[in-house]
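What follows is a single structure, written as structure tokens, with notes after it.
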Amino acid sequence: MAEEIKTTCPYCGVGCGVIAKIADDGNVSVMGDPDHPANFGRLCSKGSALAETIDLDGRLLHPEIAGRRAGWDEALDLVAQRFLDAIAEHGPDSVAFYVSGQLLTEDYYVANKLMKGFIGSANIDTNSRLCMSSSVAGHRRAFGADTVPGTYEDLELADLVILTGSNLAWCHPVIYQRLAAAKAARPGMKVVVIDPRRTMTADIADLHLAIRPDSDVALFLGLFEHLIANNAIDQNYVAEHTNGFAEAFASASGVSFNEVLELTGLPAMQLREFYRLFAATEKAVTCYSQGVNQSSSGTDKVNAIINCHLATGRIGKPGMGPFSLTGQPNAMGGREVGGLANMLAAHMAIESAQDRDRVQRFWQSPAIAERPGLKAVDMFKAVGDGRIKALWIMATNPVVSLPDADAVKAAIRACPFVVVSDILKTTDTAPHAHLLLPSLGWGEKSGTVTNSERRISRQRSFIDAPGDARADWWQLAEVARRMGFADAFAFASPSDIFNEHAALSAFENRGNRDFDIGAYARIDKAAYDAMTPFQWPQPVGDDRTVTRFFAKGSFFHPDRKARFVPVEPPASDRTSADYPFTLNTGRIRDQWHTMTRTGKSARLSAHIAEPFAELHPRDAMEIGVGNAGLVEIESPQGKAVVRALITERQARGSIFVPMHWNDQFAAKARIDAVVAPLTDPFSGQPASKNVAVAARPLKAARYGFAVSASKPQSLAAAYWALAKADGGWRLELAFDHAVEDWCGWCRSTFGIPAEIEPLGYADRQSGDLRLAFFNGTRLLAALFLAREPVAVARSWAISQLAADHGDLRKRFALVAGRPGADKPDPGATVCSCFAVGVNQIVAAVRGGCRSVEAVGKELNAGTNCGSCRAEIKGIIDGCLAAAAE
Ligand SMILES: Nc1nc2c(c(=O)[nH]1)N[C@H]1C(S)=C(S)[C@@H](COP(=O)(O)OP(=O)(O)OC[C@H]3O[C@@H](n4cnc5c(=O)[nH]c(N)nc54)[C@H](O)[C@@H]3O)O[C@H]1N2
Ligand SMILES: Nc1nc2c(c(=O)[nH]1)N[C@H]1C(S)=C(S)[C@@H](COP(=O)(O)OP(=O)(O)OC[C@H]3O[C@@H](n4cnc5c(=O)[nH]c(N)nc54)[C@H](O)[C@@H]3O)O[C@H]1N2
Ligand code: SF4
Ligand SMILES: [Mo]
């Protein structure tokens with residue numbers, strides 16, 4: 001009998017419930033949990049592919065000290081000793097933890113407790129600094145606490161949903177699907193998307209506002225002013241529950257409609273229509289994500305949005321409110337335990353002597369951090385200039401994800417002692433550490449996570465720990481014990497930690513703090529194991545089903561009122577003659593961050609297999625780069641080389657590059673090496689979406705494409721991008737000079753034995769060259785070279801890895817680079833669940849399919865996880881528009 005375990009998806013902050021099925025032979029498959037209130041059975045492409053990413057390939061299975069396998073005792077003793085030595089010699093602020101919103105709450109709680117209460121420093125920061133810290137700062141300024149007032153259901157109940165700085169269709173796909181379904185059921189519902197690019201999300205929008213980068217503050221100031229001028233203010237709410245309206249009014253009236261037009265670059269009609277819609281629609285939700293947070297004016301953007309909701313009293317009621325969409329699976333849990341350097345624990349404030357005293361009494365700790373610690377970017381500056389002597393990095397990959405990433409790499413290398421806890425042996429960060437600790441990954445670890453709507457769910461283990469891997473909380477507790485704090489860290493299991501965390505949330509709370517899950521402080525291990533998803537708050541003796549905040553005020557400033565925050569439009573154009581473009585960075589549908597997990601799936605890698613730069617056609621023409629050419633992006637910090645993707649969806653003057661690619665998957669596409677370390681003054685969050693860069697074509701002497709059965713080694717090429725493919729690997733290539741001996745190049749790259757002779761084809765005139773190596777009837781590797789970007793059909797070439805090549809004609813067809821007429825090229829994958837390509841969808845539309853549903857019936861595309869439905873619609877619209885011309 002197959003066993004079924006209910007757990008939670010480890011990717012985005014939607015926090016979907018997953019059922020993992022373990023068959024008798026140990027095979028794992030996953031499906032959406034129909035009972036989970038976040039997804040009701042849905043999963044997106046990444047969630048659906050979870051079973052493909054849990055293999056042991058590349059896993060770190062034993063502690064390693066300077067590359068040597070070590071036992072846990074030796075490794076943990078070493079960490080404790082090096083941290084104790086640094087503290088004894090240089091004080092508690094000479095050590096630091098850099099952790100992650102992908103830790104479970106229990107791991108996070110232990111890390112924070114050790115640093116803030118026992119080491120006595122607040123030098124613990126997290127990748128949530130790069131993600132949510134502007135929202136946290138904005139919430140705290142407005143509400144007096146880091147409270148997300150609403151729930152997902154509000155998006156379905158609203159008559160107007162504004163998505164600003166959010167590519168919901170790709171980054172929170174299941175919320176997007178819930179929204180799309182609600183809009184289909186109630187077509188009167190309006191969706192407004194605010195994003196400089198026309199993303200897939202914009203395809204369901206009634207109105208897309210392609211604002212200039214970082215002009216959000218101006219846009220929402222203009223809205224605030226419009227609400228006042230049009231009597232849309234909820235006077236009672238403002239009078240009873242808020243402070244500071246007059247100051248906010250003064251700041252808004254300083255900016256005229258014409259100035260807003262100029263700053264945002266929007267047509268007046270669009271701006272008027274947006275303002276009219278907002279003023280007229282009571283049930284309005286404004287969702288925002290990284291286009292808002294990741295900005296040097298991120299905190300002000302958050303408050304400019306919240307100001308409009310407070311002014312209209314549209315907060316905490318069904319279908320109304322500002323809504324910060326969290327990115328990581330446990331960004332919220334990290335905030336609850338106080339994992340940011342400027343927070344305490346259980347939403348208490350490090351600046352408050354009373355809160356510090358309360359937490360210290362609860363922990364019975366020898367110390368308590370007296371002031372905020374170093375925020376991520378500053379922390380790595382301190383690592384670089386020698387102030388930090390010992391650093392522990394856990395569940396994050398800063399050499400890829402922090403701005404000025406090469407400086408981060410240099411800082412790690414220069415630090416006297418760096419520990420990395422990860423699930424993989426080789427990441428861009430791991431080789432620079434002194435000590436590697438093997439952690440448990442998804443499916444192996446156990447604990448809780450909190451999603452964007454404050455819902456706490458269990459992640460449960462269903463696979464045995466591989467090798468010597470151990471949970472992150474265990475590693476931390478063992479080090480704490482060895483540092484002399486055994487009693488305070490005597491946790492036997494995650495449920496012990498959760499109890500303590502819940503008890504602290506209720507400790508002397510009396511309704512003064514938003515985060516209270518006291519009802520869970522005494523649950524036993526069995527109840528913890530059986531826990532079903534619940535939303536906070538859940539104070540003792542109060543079984544709540546409705547959990548929205550602030551409909552009737554009761555904010556968390558001492559006077560229980562909210563604050564309007566006066567804001568001003570920032571100067572946002574950073575370009576110059578030397579760096580004339582604005583670089584915007586973000587995500588694609590089927591990769592997760594630094595690709596350590598999603599990069600393992602051939603299915604997910606088929607959607608977009610290469611790093612790219614989205615460029616407007618006129619910009620591309622001006623700099624002289626053609627479609628599928630290569631483009632070099634440069635800032636004073638560094639350079640990257642990626643494929644050009646020329647599209648009208650991009651605004652002029654802007655270039656979008658995904659954040660995912662790293663040195664494991666491409667020669668030079670780690671885009672954070674180009675991103676300047678500029679941060680928001682309140683939150684310290686990096687401005688990863690507005691970086692001044694130069695862009696130019698990279699002319700190659702030869703372009704190439706290759707497939708190979710085994711992973712290519714030692715890639716000698718000016719440009720390469722590697723991706724997992726069915727039956728092997730695919731490789732995009734470019735060379736700055738023609739290689740003398742291509743056959744030799746193939747042998748060393750693909751590990752082809754000398755006795756295997758290539759089958760080849762060369763055309764001196766065109767410069768085309770093709771080489772294929774077979775072992776019996778199997779293809780080992782094939783290389784296609786040309787003077788222009790290679791035009792061979794990628795999915796067909798990949799399918800040759802699994803094909804039988806006993807027939808000589810098939811081998812010749814391969815080196816000819818031509819699929820047979822019976823096998824048309826499906827084109828780039830759109831639907832990763834059923835491997836349906838763009839050419840197949842175009843053919844179906846030409847054959848009469850006019851809707852996403854009709855394409856689904858014909859090809860199955862879009863009928864499983866639904867993540868590609870927006871793209872299918874885009875293809876249908878494109879074909880129909882082309883036919884009408
Ligand atoms: N597929 C996938 N999904 C993910 C993740 C992933 O790695 N892959 N990561 C998760 C995480 S941790 C996060 S934080 C979320 C992020 O989710 P999102 O914030 O939705 O994703 P991003 O692509 O970073 O950025 C969103 C949009 O902001 C726009 N933008 C840029 N500048 C501006 C501006 O000045 N104003 C406005 N209004 N918009 C602007 C960008 O063009 C981009 O389309 O995604 C989560 N979900
Ligand atoms: N330019 C640019 N940069 C960005 C962004 C952007 O939009 N643009 N977005 C930023 C945002 S919002 C985020 S959230 C960050 C994300 O950036 P990172 O946190 O650096 O990205 P991940 O790839 O998720 O890194 C997670 C690491 O933890 C490991 N891991 C996985 N599971 C476990 C586990 O259970 N335990 C341990 N110990 N390790 C584990 C993985 O192998 C991987 O190495 O990137 C930020 N950087
Ligand atoms: S939307 Fe996708 S990635 Fe996010 S939690 Fe759900 S299944 Fe996972
Ligand atoms: Mo994030």
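The values are calculated or read from the model by the stated rules, or taken from the named source; none is laboratory data. Nothing here was measured: the structure is a model prediction, and the numbers come from that model. A quick note on method: Cβ atoms are made from the backbone with ideal geometry, for glycine too, and the neighbour counts reach across all protein chains shown. Side chains included, ligands, DNA and RNA excluded: accessible areas come from the protein's heavy atoms. Shrake-Rupley method; radii C 1.70, N 1.55, O 1.52, S 1.80 Å.
Near the amide H of ASN775, under 5 Å away, which other amide H atoms are found, from residues 5 or more places off or on another chain, if H is placed in the peptide plane?
LEU780
Taking +1 at the Cβ of each Lys and Arg and -1 at the Cβ of each Asp and Glu, which of ALA861, GLY874, GLN800 sits farthest along the dipole of the stretch 790-885 towards its positive end, judged by Cα position relative to the Cα centre?
GLN800
Once you sort the root eigenvalues of the Cα gyration tensor of the stretch 325-462 as a ≥ b ≥ c, which label holds: rounded (a/c under 1.5), prolate (a/b larger than b/c) or oblate (the other case)?
It is oblate, given that a/c is not under 1.5 and a/b is not larger than b/c.
Dipole magnitude of the stretch 581-697 about its Cα centre, charges +1 at Lys/Arg Cβ and -1 at Asp/Glu Cβ only, in debye to the nearest 20?
320
Accessible area of the chain with a 1.4 Å probe: how many percent of it is carbon plus sulfur?
For the chain, the apolar C and S fraction of the accessible surface comes to 51 percent.
If you take the beta carbon distance between ASP573 and SER714 as r and set R0 to 41 Å, what does 1/(1 + (r/R0)^6) give as a FRET efficiency, to the nearest 0.05?
It comes out at approximately 0.40.
At q = 0.13, 0.25, 0.27, 0.30 Å⁻¹, work out log10 I(q)/I(0) for the stretch 3-53 with the Debye formula, treating every Cα as an identical point scatterer and leaving solvent out; two decimals please.
So the normalised log intensities work out to -0.26, -0.89, -1.00, -1.18.
Taking the alpha carbon gyration tensor of the stretch 545-653, what are the square roots of 5 times its eigenvalues, largest first, to the nearest whole Å?
Its equivalent ellipsoid spans semi-axes of 39, 25, 13 Å.
Go through 430-438, 788-796 and give me the packing order, highest mean Cβ count within 10 Å leading.
Sorting 430-438, 788-796 by mean packing, highest first, produces 430-438, 788-796.
Net charge within 14 Å of GLU732 by Cβ-Cβ distance, Lys/Arg positive one each and Asp/Glu negative one each, not counting GLU732 itself?
Neighbour charge sum, excluding GLU732 itself: +4.
Heavy-atom accessible area per residue, the chain, 1.4 Å probe: how many Å²?
36
Relative contact order of the chain, please, whole-number percent, based on alpha carbon pairs below 8 angstrom and at least 6 residues apart.
Taking the mean separation of contacting Cα pairs over the length of the chain, I get 15 percent.
Distance between the C-alpha centers of the stretch 156-182 and the stretch 533-609? Whole Å please.
Rounded to whole Å, the Cα centres lie 13 Å apart.
So if R0 is 35 Å, what FRET efficiency would GLU3 and ARG544 give, r being the distance between their Cβ atoms, rounded to the nearest 0.05?
0.60
Sort 443-449, 570-576, 75-81, 693-699 for me by packing, meaning the mean count of neighbouring Cβ atoms within 10 Å per residue, highest on top.
443-449, 75-81, 693-699, 570-576
Quick one: pull the percentage of alpha-carbon pairs in the stretch 461-551 with a separation above 16 Å.
For the stretch 461-551, the share of Cα pairs beyond 16 Å comes to 64 percent.
Just for the Cα atoms in the stretch 702-816, what are the lengths along the principal axes, largest first, rounded to whole Å?
So the three principal-axis extents are 35, 29, 29 Å.
Remind me, relative contact order of the stretch 780-885 in percent, using alpha carbon pairs under 8 angstrom and six or more residues apart?
Computed over the stretch 780-885, the figure is 19 percent.
Taking every pair of Cα atoms in the chain, average 1/r, invert it to obtain the Kirkwood radius, and report Rg/Rh to two decimals.
When Rh is taken as the Kirkwood radius, the ratio is 0.96.
Net charge around VAL674, counting only other residues with Cβ within less than 11 Å of its Cβ (Lys, Arg = +1; Asp, Glu = -1)?
Result for the neighbourhood of VAL674: -2.
Rg/Rh for the stretch 133-324: what does it come to with C-alpha atoms and Rh from Kirkwood?
Computed over Cα atoms, the ratio is 0.93.
Which order, highest average first, do 624-630, 404-410 follow once you tally other Cβ atoms within 10 Å for each residue and take the mean per peptide?
Descending mean neighbour count gives 404-410, 624-630.
Local charge sum around LEU374 (other residues, Cβ-Cβ under 15 Å, Lys/Arg +1, Asp/Glu -1)?
With Lys, Arg at +1 and Asp, Glu at -1, the net is +2.
Just want to confirm a number: the relative contact order over the stretch 783-832, from Cα pairs under 8 angstrom separated by 6+ residues, in percent.
45
Along the charge dipole of the chain, Cβ charges K/R +1 and D/E -1, which of PHE274, VAL479, LEU60 sits furthest on the positive end?
So the residue we want is PHE274.
State to the nearest 20 debye the size of the charge dipole of the chain about its Cα centre, where the only charges are +1 on K and R beta carbons and -1 on D and E beta carbons.
Taking the Cα centre of the chain as origin, the dipole is about 840 debye.
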